[in-house]
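First up is the structure itself, then whatever we jot down about it.
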Amino acid sequence: MERYLSEKGKLREVLPHYEYRPMQLKMAKKVKHALDKEKILVVEAPTGTGKTIAYLLASIEAKKKTVISTGTKNLQEQLIFKEIPLIKKSLFPNLKVALMKGRVNYLCLRRWKNFIKNPTFDWDDKASVFSSIEKWVTKTETGDRSELIEMPEDYPIWWHISSKSELCFGLKCPYFKECFITKMRQIAASSDIIVVNHHLFFADLSLKGVASAAVIPSYEAIIFDEAHQIEKIAADFFGFMVGANRIYDLLNDIKQKLSKNKRKDWENNLSGIERSIKYFFSLFPITEEKYRLKNELITDDVKDTTNNLFNQLDQLSARLHKEKDDEEWVFLEQRTKLIKEELEYILFVQDDEYVKWVEPVGENVIFHASPIDVSLQLRQNLYSKEIPIIFTSGTLSVNGSFSYFKKSLGLDPDIDEVMLDTPFDYKKNCLLYLPKEAPEPSSDEFILFLIKEIKELLTLSKGRAFVLFTSIKNMKEVYHVIRDQFSFPIYIQGEMPKTALLDRFRKEVSSSLFATFSFWEGVDVPGESLSCVIIDKLPFEVPTDPVIEAKIEKIKNDGGNPFFEFQIPRAVLELKQGIGRLLRTKNDKGVVAILDVRLRMRGYGKIFIGSFPSFPITIEKKDIENFFNRLG
Ligand code: SF4
């Protein structure tokens, strides 16, 4: 890898601004070695290491068809629009790269043709967008919704015409040849590198329905970037989910398939199911938070209604089975059976490896079964492929160890690992402020303390602050009190779309931005606009969340200590993400303020601090003032 990335390497020759980075070279060598030797490797590569170029070059040199899976859209765009074109242009003009977005981004021709036979929606406000779609369908070559600029993000009809793996007929689809997913797959099949996101990757890996509905063609190596997100995403896809909409979608597809005269014969069965669903879903409470599906919720009424619903679904399957004129009936029958099986499993099957829970959505609920530990599924479906796998991210280690990360993904503790040094000078360019005295975050006084501290910090930083909260409630309370007390604007998450909000924050240097968890990672604001990161408290996950609660119980039952083995490591990784928003380039400078007294006062605070980059720590505001004065 030296010939590309060393001090006198090719990248320096071809790119005038390229800067030699020893950690980048180290990573490229390690990745290349793992790819050559068909190994699994874990690499923590802090911001500024240049990890994307490192693994791209390693994969090209290893001559292995590689899938690169990313967690955020930001990184995917960085790869597709910046790093890969740069490498192609300067070094490998013949490199073939394919981008595969999640299925739902693409039009499904079969669903579209079905939909236009009988379009059902409110024409008044949707007609103009719909006619744009009709025109677009005749000329698009990709079927990618991003070409439809006039279509709003939440346009409801897209739900009925986009591609979904569970609704895909794969090889048996009459439109298989013209299908946009097929075309995308063909391009990917002839590419050297395929860029996907974790959602698409795990959707494919966990396909329960039609195997030929898989999108990603065969590959020889995988690189997971932003690998810290994998545990949660894999759990979603290796689980089950049944909501009323899934059943209504099935019934609508059946109705669309039926000819007019046949409809009458089916009327009783279909409307009976609709009535049962309505009643069945009304038996579960609509609460603000998700809740465990405990035995006491399975009342006699639930049992009777479910029995009735299952009988109706069996009758429906039998009817569908009799229809022979085309393959579509077979898929409708399979979907009906799968819904019944999954609902039966979620409601009635005792399985200690899964947590069953209920998610209230609007007037309805969705039933979930999530694996408590994804190790088994990953071993069976991913590691069994016996191909090289690279896990990388800026945040994988806790207090200098990868133990938590490896254990959470079922990796052998002896798997090779590399922890790269940060290229940033945290000692010189950064200051960590922890308040001298503060109330406990659980106390009533905490919010008043937050208001006072954040006000003082914003005064010292003259705005230019990114304020990250662990709850919407805290964010709103602080915002409402202090928003009018400064001459610079303070923006808040939700007042406009995320990209527009970040654009404003970036451009208006003295502005500040208040946000919660969806902004803790993937936000890249280099330069003066983001000179201060303020974090309200340690980001421990809510222990009453059904999945978190089940994980805690499991560790306890296995004789472990969930606080140290699970809750602290997760909070550390989240906090490292938040802190990582501050220094994005070598020239960035600034202050991180964490307003949680537990960091200094509790023994476990050392684990957090031991996981941070080594920057100077202060408990004096005077030091912050001096720091900003030095910056000028
Ligand atoms: S192959 Fe699947 S995605 Fe493509 S048109 Fe058919 S059903 Fe839709």
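No value in this document is a laboratory result; all are computed from the given coordinates. Keep in mind that what you see is a predicted model, and the values were worked out from it rather than measured. Cβ atoms come from the backbone with ideal geometry, glycine included; neighbour counts cover every protein chain shown.
If R0 is 45 Å, the Cβ-Cβ spacing of LYS63 and ASP352 corresponds to a FRET efficiency of close to 0.50.
GluC sites (Glu not before Pro), restricted to the stretch 324-412: which are DSSP loop and have at most 16 other Cβ atoms within 10 Å? Taking the stretch 324-412 and a limit of 16 other Cβ atoms within 10 Å, the loop GluC sites (Glu not before Pro) found are GLU327, GLU353, GLU363, GLU386. When the stretch 240-348 is described by a simple charge dipole with +1 on each Lys and Arg Cβ and -1 on each Asp and Glu Cβ, the residue from THR306, ILE247, ILE286 located farthest towards its positive end is ILE247. Each Lys and Arg contributes +1 and each Asp and Glu -1, all at the Cβ; summed about the Cα centre of the chain, the dipole is approximately 1920 debye.
With Kirkwood's inverse mean 1/r over C-alpha pairs for Rh, give me the Rg to Rh ratio of the chain, two decimals please.
Over the Cα atoms of the chain, Rg/Rh equals 0.98.
Within the chain, DSSP assigns beta bridges of which about 30% are antiparallel (rounded to the nearest 5).
Can you tell me the mean projection area, over all orientations, of the convex hull of the stretch 153-226's alpha carbons? Units nm², please. The directionally averaged projection comes out at 6.2 nm².
For the pair LEU15 and ILE149, the difference between a 0.36 nm per residue extended length and the Cα-Cα distance amounts to 44.8 nm.
Here's the picture: a label point sits 7 Å out from the Cα of GLU437 along the beta-carbon direction, and within the stretch 572-599 the residues with their amide nitrogen under 18 Å of it are 595-599. I'd like to know which of TYR20, ILE68, THR49 lies farthest towards the positive end of the charge dipole of the stretch 1-79, counting +1 on Cβ of Lys and Arg and -1 on Cβ of Asp and Glu. Looking along the dipole axis, the top candidate is ILE68. What residue among TRP112, LEU35, PHE331 has its Cα farthest toward the positive end of the dipole of the chain, where the charges are +1 on Lys, Arg and -1 on Asp, Glu, each on the Cβ? Looking along the dipole axis, the top candidate is LEU35.
Inter-label distance, SER6 to LYS586: 2.0 nm, where each label sits 7 Å from its Cα along the C-beta direction.
Over the chain, calculate the relative contact order: mean separation of alpha carbon pairs under 8 Å at least 6 apart, over the residue count, as a percent. Relative contact order for the chain comes out at 17 percent. The three principal axes of the C-alpha atoms in the stretch 426-631 carry coordinate ranges of 54, 36, 34 Å, sorted with the longest axis first. Gain on full extension, evaluated as 0.36 nm per residue between LYS507 and LYS255 minus their Cα-Cα distance, stands at 85.5 nm. What is the log10 of I(q)/I(0) for the stretch 82-152, computed with the Debye formula using one identical point scatterer on each Cα and no solvent, at q = 0.17, 0.18, 0.26 Å⁻¹? Values, matching the q order: -0.75, -0.80, -1.26.
State the percent of C-alpha pairs, over all pairs in the stretch 338-457, separated by a distance greater than 18 angstrom.
Values: 5320 of 7140 pairs.
Result for the distance tail: 75 percent.
Once you treat every alpha carbon in the stretch 499-595 as an equal point and sum by Debye, what is log10 I(q)/I(0) at q = 0.14 Å⁻¹? These q points yield log10 I(q)/I(0) values of -0.62. Taking all Cα pairs closer than 8 Å and separated by 6 or more residues, the relative contact order of the stretch 241-371 comes to 37 percent. Its Cα gyration tensor gives the stretch 53-109 an equivalent ellipsoid. The semi-axes, each the square root of 5 times an eigenvalue, are 23, 13, 12 Å from largest down. In a DSSP loop and with at most 14 other Cβ atoms within 10 Å, the trypsin sites (Lys or Arg not before Pro) in the stretch 427-477 are LYS436.
Loop-resident trypsin sites (Lys or Arg not before Pro) (DSSP state other than H, G, I, E or B) in the stretch 50-123 with no more than 13 further Cβ atoms inside 10 Å of their Cβ: LYS63. Beyond 14 Å, what percent of the Cα pairs of the stretch 262-303 remain? For the stretch 262-303, the share of Cα pairs beyond 14 Å comes to 61 percent.
Per residue and in cubic angstrom, what volume does the convex hull of the Cα atoms of the stretch 241-371 have? It would help to have the intermediate numbers written out before the result.
Details: hull volume 14.0 nm³, N = 131.
Per-residue hull volume (Cα only) is 107 Å³.
Over 26 Å between Cα atoms: which of LYS340/LYS407; LYS407/LYS428; LYS26/LYS88 fall into that group? In this structure, LYS340/LYS407; LYS407/LYS428 exceed 26 Å between Cα atoms.
Taking R0 as 51 Å, what's the FRET efficiency between ILE415 and SER518 from their Cβ-Cβ distance, rounded to 0.05?
Working: r = 31 Å, r/R0 = 0.60.
So, using R0 = 51 Å, E works out to roughly 0.95.
Along its principal axes, the stretch 1-67 has C-alpha extents of 34, 25, 18 angstrom, given from the largest down.
Taking 0.36 nm per residue of separation and subtracting the Cα-Cα distance, what length does fully extending SER401 through ASN561 add? Each step should come with its number before you reach the end.
Working: separation 160, 0.36 × 160 = 57.60 nm, distance 1.74 nm.
Full-extension gain reported as 55.9 nm.
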